[in-house]
Every structure is written in structure tokens, then in C-alpha cells.
Amino acid sequence: MSATVTSIAEAPSHPQAATAVALAWFDGELVPADGLQAGLTTHAMHYGSGVFEGIRAYATDDGGAAVFRLPEHLERMRRGAEAFGLPFDPAQATGAVLATLRANGHRDAYIRPLAWFGEGGFGLDVEGHVPHMMVATTATQVHLNGTRARLGVSSWRRNPSDSLPPLKLCGAYVNSILAKREAKARGFDEALFTDRGGLVVECTGANVFMVKDGRVTAVAHDDALDGITRDTLLRLSGAQARPVPLAELLEADEVFACGTAAEVAPVAQIEDRRYGDNPVTRELAELYGRVVRGREHAWRHWLTEV
């Protein structure tokens with residue numbers, strides 16, 4: 001690869017104005033993001049043999065920025081890499097995330113670390129393929145109090161956990177692409193997975209909660225991702241986690257989806273069932289917004305300062 005590189009040591013130690021040319025961390029160096037290329041024999045391109053995370057950084061009141069629950073994200077990424085036999089060092093990844101944010105001057109940002117098997121042959125075996133890792137960051141606006149989503153129940157089933165572990169493995173997300181395309185073709189914003197027994201699993205990239213008579217319940221299913229935003233909201237709300245049939249979800253007073261990118265997203269509709277106001281969802285969304293920006297002292301240990 002031919003690209004101008006910047007060592008991590010040269011990256012500024014505090015967030016600043018965003019750079020004109022976006023930089024990405026690639027295999028130990030900061031390089032112009034638009035100069036990176038992958039070889040045609042890249043194993044992950046053919047077979048999805050990679051693992052990724054979606055992480056958020058938030059501007060804090062002191063003028064800096066902090067990454068929300070970075071160790072938990074990278075530990076989940078480590079488990080995914082381990083499933084492939086892909087080398088992954090959480091300490092190195094932590095440094096890469098912080099260096100990339102600093103180099104790009106991003107405060108409110110979406111962070112995408114990706115580890116994958118690269119160049120080699122066309123066989124399924126990963127041995128002999130070059131392992132790579134990158135981190136890219138993009139400036140992003142907060143999505144709290146955004147559009148209330150309309151969900152369509154997918155005819156596709158979520159990858160069963162005894163076939164694919166519910167981690168952020170690249171190839172597994174073809175399942176989400178198919179479901180989301182189907183939902184949008186039917187006029188919905190997002191797809192909702194259920195299993196063959198009628199239990200709710202999750203959305204294509206977000207976990208699901210419901211509210212009934214003021215009580216918050218997290219949908220639990222073995223095939224669903226163990227979401228970090230979901231865990232955060234469980235701790236903040238004291239919600240119960242249990243299996244939820246679709247019929248019960250449709251009778252709820254409120255439904256919301258949650259994830260790193262979605263944050264806390266109220267649901268307006270599932271198929272023909274329309275929901276009214278979302279007061280509990282709104283309250284949780286506001287609390288979550290304070291937590292991720294370090295305004296709730298009891299939860300500041302979840303923040304990694306940039």
C-alpha cells in the first residue's frame with residue numbers, strides 16, 4: 001500500500017477541529033482513509049471473515065470527548081476475533097480508537113473498528129491469510145428524539161445462535177441486509193425478527209424493549225446480540241429481561257429499539273399496530289443522553305476520555 005503515514009505518537013492528545021482529509025488507523029499507522037485498498041484475494045471480501053464493532057464518542061461539557069463503554073465493545077470484538085482465530089489485541093485497539101479520534105478532531109463521532117483476514121487464496125481456510133485491522137471515525141449527530149420507527153415483521157429468521165454466534169461477525173450481517181431490504185420494500189423503516197415459535201428476537205441492528213403499565217421489559221432471546229446499549233438500559237432502568245412473544249409486544253403501551261447507532265429509538269408502528277406517545281421511552285432516552293456525556297456522576301466509569 002502506498003500512502004502518507006502518521007505515527008500514533010504524532011497524533012494530537014486532545015480533540016481539535018476536524019481535519020480536511022479523514023485519517024484511518026490501518027495496521028499500526030494513521031493514513032488517509034480514501035487511499036486504502038483491499039486486494040482481490042481478500043478472504044473477508046469473499047467469505048465475510050471479519051469482525052467489527054460500532055462505538056460512539058460524545059462531546060463532554062469540559063470541551064473534550066469521551067468514548068462510551070469502549071472496553072466492553074472491544075471485549076466483544078475480541079470474542080468474535082477468537083471465534084475466527086483472528087489475532088486481536090484490545091489494548092492496541094484502544095490506542096487505535098483514541099488516536100484516530102484525536103487525529104480527525106472528532107468529538108461526537110461514530111467509530112468503526114474492523115479486523116479481517118486479507119490477502120491469500122480463494123479457499124475457505126483462514127490459515128495463510130494476512131490479518132488486518134483498521135479504525136475509521138466519522139462525525140455524527142446525536143439521534144435522540146429522532147423519527148419514530150415503523151417496523152415490519154420479517155419473513156426471514158435471525159441467524160440461530162447454534163449456527164452462528166450472536167457476535168458482530170461481518171458475514172452474519174447478510175441476514176440483516178436481506179431483512180431490511182424486505183421491510184423497506186413493504187414500506188417500513190426497519191425489520192423485526194421473530195423465531196418460528198413467535199418469540200421476538202431483535203431488529204436488524206438493534207435490541208428491543210417494551211413498556212406496559214409503566215414497567216420496562218427487555219426482550220431476551222438466545223439468537224439476539226448481547227447489546228451494550230441494551231445492557232446499559234437494563235442497568236439504568238432496572239428492567240426485567242425475559243422472552244417476549246410477538247403478540248405481547250403488540251399489546252405493549254410503548255416499544256423502543258436500542259443500539260449504539262440508534263441510541264434509544266421509539267417505535268411508532270409494528271405492522272398494523274400503531275403506538276401512541278412514548279413518555280417512558282423519552283425519559284430513558286434523556287437519561288441515556290446525560291450518561292453518555294458524563295453528566296451522571298454514578299456512571300462516569302463507563303467513559304474513556306479521548
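Conditions (1) over 15 Å from the mean Cα position of the chain (by Cα); (2) under 28 Å from Arg290 (Cα atoms); (3) without any contact (Cβ under 8 Å) to a residue 24 or more places away in the chain; (4) part of a loop (DSSP other than H, G, I, E, B), marked per residue:
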| site | (1), (2), (3), (4) |
| --- | --- |
| Pro71 | no, yes, no, no |
| Leu86 | yes, no, no, yes |
| Thr94 | yes, yes, no, no |
| Thr100 | yes, yes, no, no |
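With respect to (1) modelled with pLDDT under 95; (2) among the aliphatic types (A, V, I, L, M); (3) crowded, with 22+ Cβ neighbours inside 10 Å, the lone exception for Ile270 is condition (1).
Looking at region 32-66, which of the residues that are aliphatic (A, V, I, L, M) and touching a Phe, Trp or Tyr at 6+ places or on another chain (Cβ under 8 Å) is farthest from Val126 (Cα to Cα)?
The first filter runs over region 32-66 and keeps only residues aliphatic (A, V, I, L, M), leaving 33, 36, 38, 40, 44-45, 51, 55, 57, 59, 65-66.
So of that shortlist, the ones also touching a Phe, Trp or Tyr at 6+ places or on another chain (Cβ under 8 Å) come out as 36, 44, 51, 55, 57, 65-66.
On the way: Leu36: 22, Ala44: 9, Val51: 14, Ile55: 27, Ala57: 33, Ala65: 38, Ala66: 35 Å.
Ranking the candidates gives Ala65 first.
When we screen Asp222, Asp277 for residues that are outside any strand (DSSP E or B), at pLDDT below 95, surrounded by fewer than 16 Cβ atoms within 10 Å (Cβ to Cβ) and not polar (S, T, N, Q), the only hit is Asp277. On the stretch given as region 232-258, residues that are surrounded by fewer than 21 Cβ atoms within 10 Å (Cβ to Cβ), assigned to a strand (DSSP E or B) and touching a residue at least 40 places away in the same chain (Cβ under 8 Å) total 1.
Summed over region 139-159, residues that are surrounded by 15 or more Cβ atoms within 10 Å (Cβ to Cβ), modelled with pLDDT of 95 or more and either of a type in the set (S, T, N, Q) or assigned to a strand (DSSP E or B) (or both) total 6. Each residue in region 22-40 was checked for being surrounded by 19 or more Cβ atoms within 10 Å (Cβ to Cβ) and either touching a residue at least 60 places away in the same chain (Cβ under 8 Å) or not hydrophobic (A, V, I, L, M, F, W, C) (or both), and 6 pass. Any residue that is among the aromatic types (Phe, Trp, Tyr), assigned by the TED database to the domain that holds Ala59 and modelled with pLDDT under 95 - is there at least one of those in region 100-110? Checking region 100-110: not a single residue is among the aromatic types (Phe, Trp, Tyr), assigned by the TED database to the domain that holds Ala59 and modelled with pLDDT under 95. Taking (1) outside the structural domain of Gly276 (by the TED database); (2) buried (at least 18 other Cβ atoms within 10 Å of the Cβ); (3) assigned to a loop (DSSP other than H, G, I, E, B) in turn, Val126 satisfies each apart from (2).
For Leu192, the test of being modelled with pLDDT of 95 or more, assigned by the TED database to the domain that holds Glu254 and in a strand (DSSP E or B) is passed.
The values are calculated or read from the model by the stated rules, or taken from the named source; none is laboratory data. Quick caveat: nothing in here was measured; it's all calculated off a predicted structure. Methodologically, a virtual Cβ is constructed for each residue, glycine included, from the backbone with ideal geometry; neighbour enumeration extends over all protein chains shown.
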